[in-house]
Amino acid sequence: MGLFEKQFEDNVLTTNVDWLLNWCRLSSIWPMTFGLACCAIEMMAVGCAHHDIDRFGAGAFRASPRQADLMIVAGTVNFKMAERIKRLYDQMPSPKYAIAMGACATGGGPYYKYGYTVVKGVDRVVPVDVYIAGCPPRPEALLEGLMKLQEKIQASSVIRKPIHTV
Amino acid sequence: MSTTKTYEPSISRTEGRPLAGGEREYMIDVRTQDMEVNMGPQHPATHGVMRVLVRADGELITGAQPHLGYLHRCAEKIGESVEWLQYLPYTDRYDYLAAMNNNLGYSMAVEKLMGIEIPRRAMMLRTLCAELNRIGSHLIAIGTYGLDIGAFTPFLYMFREREWMMALFEKICGARLTYSYIRIGGVFNDAPPGWLSEVEAFCDTFEVKWREYYDLLIQNHIFVKRTADIGVITREMALDFGLTGPMLRGSAIDWDLRRDTPYELYDEICKDKAFEIPLASGEKGTLGDCWDRAWVRAMEMMESIKIVRWCLDKIEPGPVIGDIPKTLRIPPGEAYVGIENPRGELGHYVVSDGGKIAVRCRVRGPSFVNLAVLEELMPGALLADTIAIIGSTDIVVGETDR
Amino acid sequence: MNFQGIYDRIRSIQAPGVTGMDEPREPNPQDKKDKGRSGDPYVLVDPQRLPEFLECLRDDPSLKFELMADLTATDPSKEDGYLWINVQLLSLVRKHRLAVKCLLPKENAVMPSSVSVHRGAQWAERECSEMYGITFEGHPDPRNILLPEDWIGHPLRKDYEFPEEYHGISCK
């Protein structure tokens with residue numbers, strides 16, 4: 001702060017409400033710890049120091065859905081789990097977002113044809129905002145998915161109906 | 001969520017839990033109502049999506065019932081629906097922390113039916129990768145165990161080494177987690193130039209870092225207090241439930257498939273006395289407690305480094321895969337191969353009728369068998385110890401449910 | 001001990017329920033249809049006497065099969081009238097293995113539970129029972145383990161048909 005100290009008079013920043021609120025929201029997306037299968041290990045890797053999801057303000061993994069904004073569905077969803085996912089999603093406070101991480105959560109993945117208990121895509125249970133390809137996706141892919149979600153939040157409107165979405 | 005019901009407690013209230021030195025901690029005349037507490041399926045400390053229905057009398061657990069199946073992915077049905085080689089990627093996905101070991105187990109079972117020889121360099125690379133993956137798996141096992149019971153920092157440190165290990169695997173096969181590197185008849189391709197020296201550099205660093213983890217976590221006073229004397233598995237219990245791997249060695253039963261039913265190159269490695277089998281001794285408390293199991297895992301990482309070094313020392317140029325056709329027709333027969341996975345005996349029972357598709361592809365997941373002991377371990381423990389006990393079994397839910 | 005030694009010992013102590021054995025063999029060059037058999041040898045046991053057999057092998061001092069590594073079933077084909085029960089035994093002291101196989105008729109798939117001998121069989125039997133529809137008599141906790149409680153059918157049977165929908169979620 002030394003560079004800016006005593007350089008400026010008191011200032012007024014003008015912006016619009018949407019931008020400000022969206023900026024607040026997208027900079028502090030709290031995900032829920034919700035690892036299901038293999039992708040969960042990559043999600044843990046993203047949380048750790050090498051990839052560091054904290055850079056995007058999304059590092060505060062919450063154990064309770066009531067404190068979370070984002071559900072990263074990391075792994076295969078089967079029928080037994082689907083009902084629980086629905087309930088957990090319903091417990092999250094709005095605005096809430098969901099990322100389908102990996103091929104299984106997107107559309108059944110390798111278990112599409114013969115997986116008799118596998119739900120062919122978590123979007124049959126909860127609405128999904130961002131799909132990430134890969135089996136499992138690399139940590140960078142998850143970070144890109146998060147950035148896409150941030151773009152989507154930035155484009156949304158708080159007081160109006162959204163004009164365009166990403 | 002909890003429901004209150006009245007149950008006959010399965011242990012008497014005056015029995016309490018055992019302490020070190022043969023004493024017991026008594027809890028007399030605490031009149032409480034039995035309560036059922038659901039742990040999971042979404043719970044950060046159940047290592048995936050497992051649900052444990054804990055019945056507690058105040059702080060004292062009177063019964064626990066694991067509920068599985070939240071990640072049932074029909075691996076065995078797929079095994080008898082797709083071709084032999086096509087099934088290999090699915091083996092990556094049941095124990096996703098030790099995918100190399102799964103590839104190895106499945107390949108060995110099919111090779112046993114085919115009765116083929118594996119090139120020596122391929123066997124070296126297989127052993128090397130399996131042991132490297134064992135290190136990676138144990139790093140997660142211990143790291144998340146620390147995380148579960150409140151030590152966050154070692155987890156971050158251990159992921160640093162794991163990232164390095166995954167980078168090594170990425171160089172050799174192109175994937176970070178699901179490798180499909182070990183194929184039927186050998187390995188997918190040769191190590192890229194300079195890869196072996198990178199592995200050596202990893203070993204050098206890891207030996208230094210391992211000491212750090214050992215002092216920071218395993219010998220940490222708080223860690224010892226949380227895990228010693230908790231969840232004691234006796235010798236009889238271990239055999240009765242068919243436990244294998246570190247769970248068995250944590251109860252001082254001297255058994256390791258690598259040494260006792262040698263496969264691949266472990267025969268030679270044992271002859272050279274290149275590695276030892278760490279056995280728990282009940283150093284910090286009762287023999288067979290949670291700390292012993294964590295200790296066994298920590299020591300095994302160092303033994304794996306020794307095996308990796310042995311392979312680096314002995315590896316010679318040569319072919320890495322035999323002449324294997326794209327569509328395999330396996331001679332009729334049935335074979336069971338058990339190998340030492342980081343979690344215990346990973347068995348593959350394959351049946352062929354001479355066709356392109358298996359008749360049966362059974363996976364004996366060590367986590368599935370090891371987890372069954374939970375029902376026996378929990379009663380008598382305190383509610384806070386639930387996490388310590390579940391963590392010490394080191395399950396991978398992909399494998400318990402398959 | 002190798003398989004022949006184990007089998008001789010089983011015969012000499014008259015372990016209950018043994019009906020025979022099968023070993024891998026080379027294909028017959030004269031007969032083109034005979035492809036031989038590869039893999040492991042196994043002992044054939046009567047499924048109704050499996051627990052007694054396992055107990056006998058566990059307590060025998062020179063066999064000492066004290067650890068049941070695996071218990072599973074196999075449906076060889078749609079036409080076949082029998083299910084196989086496959087048990088893998090392991091001796092930690094003697095360092096040998098044994099594969100045991102039972103033939104259980106599909107029509108009346110009922111057999112006694114081995115939980116009283118090896119408690120590790122408990123979950124394995126639960127899995128077998130939901131996947132193949134085998135009833136284990138005397139099992140302490142015969143619920144489904146991997147599948148939901150209200151699941152219809154036994155998925156690992158060869159004649160299993162995949163469900164259309166489950167609780168309103170389409171399976172296709």
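Distances between every pair of Cα atoms in the protein assembly as shown, grouped in 20 Å steps from 0 to the bin holding the largest one, split as 16, 50, 29, 5, 1, 0 percent. Of the residues in segment B:328-356, those shielded by at least 50 Å² of accessible area once partner protein chains are present, compared with the chain alone at a 1.4 Å probe, are B:P332, B:E334, B:Y336, B:Y349.
By accessible area, using a 1.4 Å probe on protein heavy atoms only, segment B:74-379 has 53% of its surface on carbon and sulfur. Rounded to the nearest Hz, the phi-derived 3J(HN,Hα) couplings of segment B:274-289 under the Karplus curve 6.51 cos²θ - 1.76 cosθ + 1.60 (θ = phi - 60°) are 6, 9, 10, 9, x, 10, 5, 10, x, 5, 9, x, 7, 5, x, 8, where x marks glycine and proline.
Under 17 Å from a label point set 7 Å out along the Cα-to-Cβ vector of B:N220, the amide N atoms of segment B:108-142 belong to B:139-142. Under 15 Å from a label point set 7 Å out along the Cα-to-Cβ vector of A:R55, the amide N atoms of segment A:125-151 belong to A:139-148.
Using the Cβ-Cβ distance between C:K106 and A:T15 with R0 = 56 Å, the FRET efficiency computed as 1/(1 + (r/R0)^6) comes to roughly 0.15. Working from Cα pairs under 8 Å separated by at least six residues, relative contact order for segment B:121-278 is 19 percent. Relative contact order of segment B:74-379, taken over Cα pairs closer than 8 Å and 6 or more residues apart, is 27 percent. Checking the Cα-Cα distances for C:K78/C:K106; B:K356/C:K101; B:K209/B:K271 against a 19 Å cut-off, the pairs over it are B:K356/C:K101; B:K209/B:K271.
Among B:276-285, B:104-113, how do they line up from the highest to the lowest mean number of other beta-carbon atoms within 10 Å?
Details: B:276-285: 17.1, B:104-113: 24.3.
With the highest mean Cβ count within 10 Å placed first, the list reads B:104-113, B:276-285.
Is the shape of segment C:18-167 best called rounded, prolate or oblate, per the rule: a/c under 1.5 gives rounded, else a/b larger than b/c gives prolate, else oblate, with a ≥ b ≥ c the square roots of the Cα gyration tensor eigenvalues? Judged from the Cα gyration tensor, segment C:18-167 comes out oblate (a/c at least 1.5, b/c at or above a/b). Most simply put, chain C has about 80% antiparallel DSSP beta bridges, counting only bridges with both residues inside it.
Could you calculate the contour length gain from B:R160 to B:E376, that is, 0.36 nm times the residue separation minus the distance between their Cα atoms, to one decimal place in nm? Could you put the intermediate results ahead of the total?
Values: separation 216, 0.36 × 216 = 77.76 nm, distance 3.59 nm.
My answer for the length gained is 74.2 nm.
Scoring B:198-211, B:77-90, B:343-356 by mean Cβ neighbours within 10 Å over their residues and listing the highest first yields B:343-356, B:77-90, B:198-211.
Average partner chain C-beta neighbours within 10 Å, per residue of A:31-44? Numbers along the way, then the final one.
Details: counts 0, 2, 4, 4, 7, 8, 12, 12, 2, 6, 11, 4, 0, 7.
Mean partner-chain Cβ count within 10 Å for A:31-44: 6.
Label zone of B:K356 (point 7 Å out along Cα→Cβ, amide N under 18 Å): in segment B:62-92 this covers B:78-89. Burial of accessible area (probe 1.4 Å, heavy atoms of protein chains only) in segment B:166-209, relative to its chain alone, reaches at least 40 Å² for B:R176, B:L177. The distance between label points at B:D254 and C:Y160 comes to 4.3 nm (points 7 Å beyond Cα on the Cα→Cβ vector). If R0 is taken as 51 Å, the Cβ-Cβ distance between B:D323 and B:Q33 corresponds to a FRET efficiency of 0.15. Other protein chain C-beta atoms within 10 Å of residue C-beta, averaged over C:64-71: 6.
Using C-alpha pairs under 8 Å with a sequence gap of at least 6, the mean separation divided by the residue count of segment B:273-352 gives a relative contact order of 20 percent.
Summed over both chains, the contact between B and C buries some 3900 Å² of accessible surface at a probe radius of 1.4 Å.
Output the 0 to 90 degree angle, nearest 10, between the alpha-carbon long axis of helix B:195-213 and the longest principal axis computed from the alpha carbons of chain B. Its long axis makes an angle of about 10 degrees.
Express as a percent, rounded to the nearest 5, the fraction of DSSP beta bridges in the protein assembly as shown (both residues included) that run antiparallel.
Numbers: 62 of 82 bridges.
Restricted to the protein assembly as shown, the bridges split so that about 75 percent are antiparallel.
Where does helix B:120-148 land angle-wise versus the long Cα axis of chain B, in degrees 0 to 90, nearest 10? The angle comes out near 20 degrees.
Cross-link pairs exceeding 25 Å in C-alpha to C-alpha distance, out of B:K326/C:K95; A:K113/C:K35; A:K80/C:K158; A:K80/B:K112, comprise B:K326/C:K95; A:K113/C:K35; A:K80/B:K112.
Which of rounded, prolate, oblate describes chain B, given a ≥ b ≥ c as roots of the alpha-carbon gyration tensor eigenvalues and a/c under 1.5 marking rounded, otherwise prolate only if a/b is larger than b/c? Since a/c reaches 1.5 and a/b is larger than b/c, the shape of chain B is classed as prolate.
Once the 1.4 Å probe is applied to the protein heavy atoms, chain B comes out at 33 Å² accessible per residue. Each of the GluC sites (Glu not before Pro) that DSSP puts in a loop and that has at most 14 other Cβ atoms within 10 Å breaks chain C; the longest unbroken stretch is C:1-78. Helix B:290-314 and the longest principal axis of the Cα set of chain B meet at an angle near 10°.
Take every residue in peptide C:18-25, count the Cβ atoms of other chains within 10 Å of its Cβ, and give the average of those counts.
On the way: counts 0, 0, 0, 0, 2, 0, 7, 1.
Averaged over the peptide's residues, the number is 1.
The stretch between C:D80 and C:I13, if pulled fully straight at 0.36 nm per residue, gains 20.8 nm over its current Cα-Cα span. If only the Cβ of Lys and Arg carry +1 and only the Cβ of Asp and Glu carry -1, the dipole of the protein assembly as shown around its Cα centre is close to 1260 debye.
Partner lysines whose Cα lies under 17 Å from the Cα of B:K284, excluding those fewer than 8 positions away in the same chain, are identified as B:K225. Loop sites here are GluC sites (Glu not before Pro) outside DSSP states H, G, I, E and B with no more than 14 other Cβ atoms within 10 Å. The longest part of chain A free of them is A:10-166.
The values are calculated or read from the model by the stated rules, or taken from the named source; none is laboratory data. Quantities reported herein were computed from a predicted structural model and do not represent experimental measurements. Cβ atoms come from the backbone with ideal geometry, glycine included; neighbour counts cover every protein chain shown. Note: accessible area is taken over every heavy atom of the protein model, side chains too, but ligands, DNA and RNA are not part of it. Shrake-Rupley method; radii C 1.70, N 1.55, O 1.52, S 1.80 Å.
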